[in-house]
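First comes the structure, then the notes that go with it.
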Amino acid sequence: MASNHYDVAVIGSGPGGYVAAIRAAQLGAKTAIVEKQYLGGTCLNVGCIPSKAMLHIAEVFHSMNTLSDLGIHLPQQPTLDMAGAVAFKDKVVKRMTSGVGTLMKGNNVDVFDGLGTVDASRTVTVKASDGSQQQFSADKIILATGSVPFIPPMPGVDGRNVINSDTCWNLPAVPESVICVGGGVIGVELACMFSAIGSKVTILEMLPNILAPVDDEVRRLMVRILTKRGINIVTGAKVEAVEDENGQKKVIATTDKGQQSFTGEYVLMAVSRRANTSGLEHLIEQGLDTDRGRVRVNEKMETNLPGIYAIGDLVRGAGLAHVASAEGEVAADNATGHEAKMDYSVVPNPIYTFPEMASVGLTEAEAKQKYPEARVDRFPWSAIGKAVAIAETEGFTKVIIGKYGEILGAHIIGPDATNLITEYSVAMRGELTVDEISETIHPHPTLSEGLREAILAAEGRPIHIPPKKQVARAR
Ligand code: FAD
Ligand code: NAI
């Protein structure tokens, strides 16, 4: 039963908020969570989960092109029924979001449906969609209101067939063509998805490169793969306006060749996300410290207002679900009288293109600048038996090793990269040297062998490719 006082109240139920609520409840706090739209937040409803369900469908569909290499012949050309794909995606989302509901119940967390507004005295007012209101107080409040797509103020962005990551998941049919504005993570993941289901895709990116933070060598290979698939990547193209022309969308961009226009059926705006401060207006007036729209916090996730914490996409940082969850646990620990600090030194970065990309730590360029003595090498999937057996030989694993044998950075492009990166992440977190990885027996045949081989390669003693150096280093 709802109460009028809680030990901990969480505003927003994304992967930051719902994890914080579970953690607080586990630690014995009487806990409430307030959600204005959907349990599970961006991630479960319009982000990580639906995108991965649709990418899965797209990858399976795309793989049909190479079935005959495996001796599999379909009686007719496969087709994709968009309504069926959307129904699968909806089922996945429903299952995951109702799971969050079950977890709240199981942990005795009271769920309030409605927009939560908060003030510095830690009173929460919840306004439901029917206009009714409830109010309660809390000793500690964790703000986890997340982020929303940033829609730049440019002509035509609110027009017909201009979509974003909140609105692109229920299209009635496979688009004939899509122009992705922004070649960041969302633009590229969705470009990959649309292209694989049969849309003609153009990516317009204003910087000299798409995927700016990704290691150069990994990005170059991804650009080659996407281009080979027919995706038109135009860099140095700053989009300025969207218009309608003959039933099509026309996107106007300034490029080094002057003004250029690109036409397509849909325009996907993917030019970053902004912090969602709806419901926090009063707190901001009362002095909540923000920096370019994001709430400022210390390493304990405390804001400048007593008893008020903030986590996830609302604060500066990676914009990743797993980081939001980690911050949620730290905030909940501190809010319940325990001591915890956020440590961002090891944050794995997954990107769900196919093939996948994943990284942890420094890029090669960053490492070379900071540690000129760093050793770098890579190992190709084409020399790993399991990768050959599953016909996924494109890409490589690259490691950057410091002078004490520590891993400074690791980058994988290839099958299951987003899972594999965890081995290097654990090694970095545990301050293992590469010897601990190379001396660990890796099961055969597995993709994980490629991680060990990359380290051996950096040491001049790979087993399954010829060494570059004549003399291999002894153990
Ligand atoms: P959110 O998930 O945004 O949740 C905030 C919640 O708060 C929302 O439900 C909102 O309705 C609610 N809320 C806001 N204000 C109020 C209020 N005043 N009262 C009540 N409720 C309120 N990250 C990854 O790590 N891996 C991925 O593969 C990945 N894929 C993504 C794909 C897409 C298309 C997008 C858009 C994002 C993706 N992300 C991914 C990023 C990830 O979704 C976010 O980093 C994550 O959701 C942030 O979690 P959060 O809890 O901070 O906020
Ligand atoms: P982003 O910041 O990654 O990329 C936006 C891109 O748009 C940038 O490259 C920018 O230069 C470009 N851009 C901006 N204005 C432009 C203009 N007018 N014309 C052309 N290009 C323009 O933002 P994105 O892709 O929207 O993603 C937001 C966040 O969501 C990510 O930073 C990430 O934190 C999260 N996310 C994570 C995923 C994952 O972990 N796999 C998947 C999807 C999203």
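Data overview
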{"read-out": "Hey, Asn246 more than 13 Å from ligand 2 (Cβ to nearest atom) and surrounded by fewer than 21 Cβ atoms within 10 Å (Cβ to Cβ) or not", "value": "yes"}
{"read-out": "Failed item in (1) touching a Leu at 6+ places or on another chain (Cβ under 9 Å); (2) more than 16 Å from Thr42 (Cα to Cα), with Ser98 passing the rest", "value": "(2)"}
{"read-out": "Helices (runs of 4 or more DSSP H) wholly inside region 1-111 containing at least 1 residues that are within 16 Å of ligand 2 (Cβ to nearest atom) and free of Cβ contacts under 8 Å to residues at least 40 places away in the same chain", "value": "48-63"}
{"read-out": "Residues that are of a type in the set (Lys, Arg) and within 16 Å of ligand 2 (Cβ to nearest atom), drawn from region 253-297", "value": "Lys257, Arg273, Arg274, Arg292, Arg294"}
{"read-out": "Condition broken by His322, with the remaining ones in (1) within 16 Å of ligand 2 (Cβ to nearest atom); (2) open to solvent by less than 60 Å² (accessible area, probe 1.4 Å) satisfied", "value": "(2)"}
{"read-out": "Test: residue in region 189-204 that is without any contact (Cβ under 8 Å) to a residue 40 or more places away in the chain and either within 30 Å of Ile33 (Cβ to Cβ) or near ligand 2 (Cβ under 10 Å from one of its atoms) (or both)", "value": "yes"}
{"read-out": "Positions within region 285-302 being closer than 20 Å to Arg273 by Cβ and basic (Lys, Arg), in sequence order", "value": "Arg292, Arg294, Arg296"}
{"read-out": "Subset tally (residues that are open to solvent by less than 40 Å² (accessible area, probe 1.4 Å), part of a loop (DSSP other than H, G, I, E, B) and more than 16 Å from ligand 2 (Cβ to nearest atom)) for region 210-229", "value": "0"}
{"read-out": "Tally, over region 301-317, of residues that are away from ligand 2 (no atom under 16 Å from the Cβ) and assigned to a loop (DSSP other than H, G, I, E, B)", "value": "6"}
{"read-out": "Selected residue (criterion: farthest from Ala53 (Cα to Cα)) from residues of region 325-359 that are near ligand 2 (Cβ under 10 Å from one of its atoms) and not aliphatic (A, V, I, L, M)", "value": "Pro348"}
{"read-out": "Residue under evaluation Ala253, criteria (1) touching a residue at least 12 places away in the same chain (Cβ under 8 Å); (2) under 30 Å from Gly198 (Cα atoms); (3) more than 9 Å from ligand 1 (Cβ to nearest atom); (4) open to solvent by 10 Å² or more (accessible area, probe 1.4 Å), criterion not met", "value": "(4)"}
{"read-out": "Scope region 22-44; condition surrounded by 20 or more Cβ atoms within 10 Å (Cβ to Cβ), in contact with a helix residue (DSSP H, G or I) (Cβ under 6 Å, 6 or more places away or on another chain) and of a type outside the set (Val, Ile, Thr); matching residues", "value": "Arg23, Ala24, Leu39, Gly40, Cys43, Leu44"}
{"read-out": "Hits in region 412-443 (condition: of a type in the set (Val, Ile, Thr) and more than 16 Å from ligand 2 (Cβ to nearest atom))", "value": "Val426, Thr433, Val434, Ile437, Thr440, Ile441"}
{"read-out": "Selected residue (criterion: surrounded by the fewest Cβ atoms within 10 Å (Cβ to Cβ)) from residues of region 97-113 that are out of contact with any helix residue (DSSP H, G or I) (no Cβ under 6 Å at 6 or more places or on another chain) and under 23 Å from Thr277 (Cα atoms)", "value": "Asp113"}
{"read-out": "Considering residues of region 367-422 that are among the aromatic types (Phe, Trp, Tyr) and assigned to a loop (DSSP other than H, G, I, E, B) only, the residue nearest to the chain's Cα centre (by Cα)", "value": "Tyr371"}
{"read-out": "First in region 266-293 and farther than 30 Å from Val239 by Cβ and assigned to a loop (DSSP other than H, G, I, E, B), second anywhere and among the hydrophobic types (A, V, I, L, M, F, W, C) and open to solvent by 50 Å² or more (accessible area, probe 1.4 Å), Cβ under 6 Å, 6 or more apart", "value": "Gly279/Leu115"}
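The values are calculated or read from the model by the stated rules, or taken from the named source; none is laboratory data. Model, not experiment: these values are computed from the prediction. Neighbour counts are summed over all protein chains in view; Cβ atoms, including those assigned to glycine, are modelled from backbone coordinates with ideal geometry. Heads up: the accessible areas ignore ligands, DNA and RNA and are worked out on the full protein's heavy atoms, side chains in. Shrake-Rupley method; radii C 1.70, N 1.55, O 1.52, S 1.80 Å.
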